[in-house]
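Heads up, the thing below is written out as structure tokens.
A short reminder: the numbers here are calculations on the coordinates, not readings from a lab. This is a predicted model, so every value here is computed, not measured. Positions of Cβ are backbone-derived with ideal geometry, glycine not excepted, and every protein chain shown enters the neighbour counts.
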Amino acid sequence: MRIGKVNRKTNETKIDVEINLDGAGKSEIDSGIGFFNHMLNLFAAHGQFGLKVFCAGDLEVDGHHSVEDIGISLGAALKEALGDKRGINRYGTFFLPMDETLALVSLDISGRPFLVCEVGELAPMIGTFDTELVEEFLRAFAFNAGITLHVKILHGKNSHHKVEAIFKALGHALRIAVTVDEKIKGVPSTKGVL
């Protein structure tokens, strides 16, 4: 079983995260932020991951600490679940249309964290979710998982559609990358390590 678990406690947040890469899309999410719960549920469902996230954060300040720390924890849990990365596809790319929006997510489980995020203008808030936190989450996730992550909105006007398309596409692209291919012997790198 490819499972990663992280318990993270700071003065700002208390977080428990568990990801099962073969978990069939079942999730239990309580981030304290309704729209973000919805996005994490979509990520799990489209990635076919088992995902549990609980966060008690300082939402009386704002959502920044909670969203960023969930990204840190989820990235670390993914890294743990992948283990030595033997046999995985490593790369994943997915284009996702959602009404007028078209999102691209492309990633490499390389051990070299990087983020390119070009999503255009977003409404400042979606419900109680600050949309500036989309990039903060993606950066925290990519850098703690050790992945190179490119996220781009190619077309789109509706902020809800844009953000939702990103999280769905991230799930699909990551599912492709973590899938084990029996033809791949060992770690998918000529260096022998990722």
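Note on region 38-194: lysine pairs with Cα distance below 16 Å, sequence gap of 8 or more or different chains, count 6. Take each peptide in 186-194, 105-113, 69-77, count the other Cβ atoms within 10 Å of every residue, and average; sorted highest first, the result is 69-77, 105-113, 186-194.
Given region 103-194, what whole percent of its Cα pairs are spread farther than 20 Å? Distances greater than 20 Å cover 40 percent of the Cα pairs.
Derived scalar couplings between HN and Hα for region 68-80 equal 5, 5, 5, x, 4, 5, 5, x, 5, 5, 4, 4, 5 Hz in order, rounded to whole Hz, by the Karplus curve 6.51 cos²θ - 1.76 cosθ + 1.60 (θ = phi - 60°), x for Gly and Pro. Counting charges near residue 125 (Lys, Arg +1; Asp, Glu -1) among other residues having Cβ under 12 Å from its Cβ returns a value of -3. Take every Cα pair under 8 Å in region 1-56 that's 6+ residues apart, average their separations, divide by the length, and report that relative contact order as a whole percent. About 41 percent, as a whole number.
Taking amide H atoms as placed 1.01 Å from N in the peptide plane, the amide H of residue 126 lies under 5 Å from those of 131, each 5 or more residues away in sequence or on another chain.
With a cut-off of 9 Å between beta carbons, the residues surrounding residue 53 carry a summed charge of -3, where Lys and Arg count +1 and Asp and Glu -1. List the longest stretch of the chain that has no exposed loop site; here a site is one of the GluC sites (Glu not before Pro) assigned by DSSP to anything other than H, G, I, E or B, with at most 12 other Cβ within 10 Å. Answer - 122-181. Remark: spin-label model distance residue 91-residue 191 equals 1.6 nm, labels positioned 7 Å along the Cα→Cβ axis. Shape class for region 1-66, computed from the alpha carbon gyration tensor (a ≥ b ≥ c): oblate, with a/c not under 1.5 and a/b at or below b/c.
Restricting attention to region 44-170, close to 75% of DSSP beta bridges with both partner residues there are antiparallel.
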